[in-house]
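The values are calculated or read from the model by the stated rules, or taken from the named source; none is laboratory data. Remember, predicted model here, so these are calculated numbers, not experimental data. Neighbour counts run over all protein chains shown; Cβ positions are idealised from the backbone, glycine included.
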Amino acid sequence: MSIIYGPVPSWRLGRSLGIDMVSTRLKTCSFDCVYCQLGDTLNRKAGRKEFISLKSLQHELNLLPPVDVDYATFSGVGEPTLAINIGDAIEMVRQSLRIPIAVLTNSSLLRNQDVREDLAHADIVIAKLDAPEDDLLHLINRPVFDCSLSEITDGIKSFRSMFRGKLAVQMMFMEANREKAPALAEIVRQFSPDELQINTPLRPCPVRPLSLADISQIIRSFSGFRHVITVYEAPKPSIEPVNRQQTERRRPEVQQI
């Protein structure tokens, strides 16, 4: 199987079965984040297209052995909303597996109505926001196309207004933005998210993570939000992947399970 991978132990989603509707050999993304565990973005894309056919996805779903998972999560080797058929893929996975569906997105394409409509099929959408200003956005996330912070935040707001599922906002903190937590909190309050996910780069990458003490200090800026979790405190279950090779291609640290 090359589309379905895992399950992986997720600090946010428990036992997470990965669905990769991009599934290119090299990373394909609209961002080139400095902390990405997959390395540099070599396939720099902002336009949507079909990477994987629904027929191929159904074939792998038919081959999948019984697995005990909490979510099927659309993620993988790049930005999942680049897949123009992700909305139909979400419904196909839901009908086949009868489990909740999550999508991890870098938020860059939420400014597009068709992307918002596709993601509205999911049960939980985890949207990234790492910077409260354009200069920092381009320093940390390094968009591969003309993309401003206001376009990203407007996209998240528009999605929040139509989405009936659970919206989580994930923030990756490092030395470059650790002092920006209060500014980020003010922006995120506009979205009224159901959950905040405070992260730091614990997976192998060029950026050093902040300590538990640093993250504990950052959390103070987010008082009053409904639910706040952090990568240091949330439990991660022990899981054996169905296909270790395909799983390690997306999650190199899974070999340490």
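So here's what we get for this one:
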quantity	calculated
Some residue of the stretch 115-138 being within 28 Å of VAL93 (Cβ to Cβ), of a type in the set (A, V, I, L, M), in contact with a strand residue (DSSP E or B) (Cβ under 9 Å, 6 or more places away or on another chain) and part of a helix (DSSP H, G or I)	yes
Enumeration of residues in the stretch 193-209 that are closer than 23 Å to GLY224 by Cα and either free of Cβ contacts under 8 Å to residues at least 60 places away in the same chain or assigned to a loop (DSSP other than H, G, I, E, B) (or both)	PRO193, ASP194, GLU195, LEU196, ILE198, ASN199, THR200
Where a residue in the stretch 31-53 is free of Cβ contacts under 8 Å to residues at least 40 places away in the same chain and its partner, wherever it lies, is of a type in the set (Val, Ile, Thr) and in a loop (DSSP other than H, G, I, E, B), with Cβ under 7 Å and at least six apart	ASN43/THR24; LYS49/ILE84; GLU50/ILE84; PHE51/VAL22; PHE51/THR24
In the stretch 148-167, the residues that are in a loop (DSSP other than H, G, I, E, B) and either among the β-branched types (Val, Ile, Thr) or surrounded by 14 or more Cβ atoms within 10 Å (Cβ to Cβ) (or both)	PHE163, GLY165
So LEU119, is it of a type in the set (A, V, I, L, M), within 26 Å of PRO201 (Cβ to Cβ) and at pLDDT 95 or above	yes
Given (1) in contact with a Cys (Cβ under 6 Å, 6 or more places away or on another chain); (2) assigned to a helix (DSSP H, G or I), number of the condition SER108 does not satisfy	(2)
The stretch 55-81: number of residues that are touching a residue at least 40 places away in the same chain (Cβ under 8 Å) and of a type in the set (S, T, N, Q)	3
The stretch 79-122, residues that are farther than 22 Å from THR41 by Cα and surrounded by 21 or more Cβ atoms within 10 Å (Cβ to Cβ)	ALA89, ILE90, VAL93, ILE101, ALA102, ARG116, ASP118, LEU119, ALA122
Residue within the stretch 133-150 that is under 13 Å from the mean Cα position of the chain (by Cα) and not hydroxyl-bearing (Ser, Thr, Tyr) present	no
Unique match (being within 18 Å of TYR35 (Cβ to Cβ) and of a type in the set (Asp, Glu)) among ASP154, ASP135	ASP135
Residues of the stretch 7-34 classified as of a type outside the set (D, E, K, R), surrounded by 21 or more Cβ atoms within 10 Å (Cβ to Cβ) and assigned to a loop (DSSP other than H, G, I, E, B), total	7
Subset of the stretch 35-90 that is assigned to a helix (DSSP H, G or I) and of a type in the set (Val, Ile, Thr) - its residue that is farthest from PHE145 (Cα to Cα)	ILE90
